[in-house]
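The values are calculated or read from the model by the stated rules, or taken from the named source; none is laboratory data. Everything numeric here is computed off the predicted structure, so don't read it as measured data. Here the Cβ positions follow ideal geometry from the backbone for every residue, glycine too, while neighbour counts run over all protein chains shown.
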């Protein structure tokens, strides 16, 4: 009887520790990048080490000057923005994550190229190249 209770407590404790670890992923230094391009949309999403958040924000801000998204590694952004050249895109950014969606039908070929180039640069930045 004692062995069964001990095993149940140990199992629940182990499962709890695993769920907390997998939920917060602070120890996971893997990078996940997904690019999806359809006829009328382009989407880029990335998960990365939270310690790289400031670098990612700085790179995005450099690419979209004079606009600016986040200033601190603790900022959360969820917005559709229009740049001075009429480039319009959606961005959702939080520590360790970024998602960018571009509607090609609402943007010029030059605007689409600008956002794709920014996303390609993000891939290079996160890959350490």
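The rows are residues; the columns are (1) out of contact with any strand residue (DSSP E or B) (no Cβ under 7 Å at 6 or more places or on another chain); (2) surrounded by 14 or more Cβ atoms within 10 Å (Cβ to Cβ); (3) not assigned by TED's automatic domain parsing to the domain that holds residue 58.
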{"residue": "82", "(1), (2), (3)": "no, no, no"}
{"residue": "86", "(1), (2), (3)": "yes, no, no"}
{"residue": "93", "(1), (2), (3)": "no, yes, no"}
{"residue": "98", "(1), (2), (3)": "no, yes, no"}
{"residue": "105", "(1), (2), (3)": "yes, no, no"}
{"residue": "108", "(1), (2), (3)": "yes, no, no"}
{"residue": "116", "(1), (2), (3)": "no, yes, no"}
{"residue": "121", "(1), (2), (3)": "yes, yes, no"}
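Please go through region 1-39 and give me each residue that is outside any helix (DSSP H, G or I) and at pLDDT 65 or above, ordered by number. Break it down into steps so the answer makes sense when it comes.
Of all residues in region 1-39, those outside any helix (DSSP H, G or I) come to 1, 25-39.
Of everything in region 1-39, those that are outside any helix (DSSP H, G or I) and at pLDDT 65 or above turn out to be 1, 30, 31, 32, 33, 34, 35, 36, 37, 38, 39.
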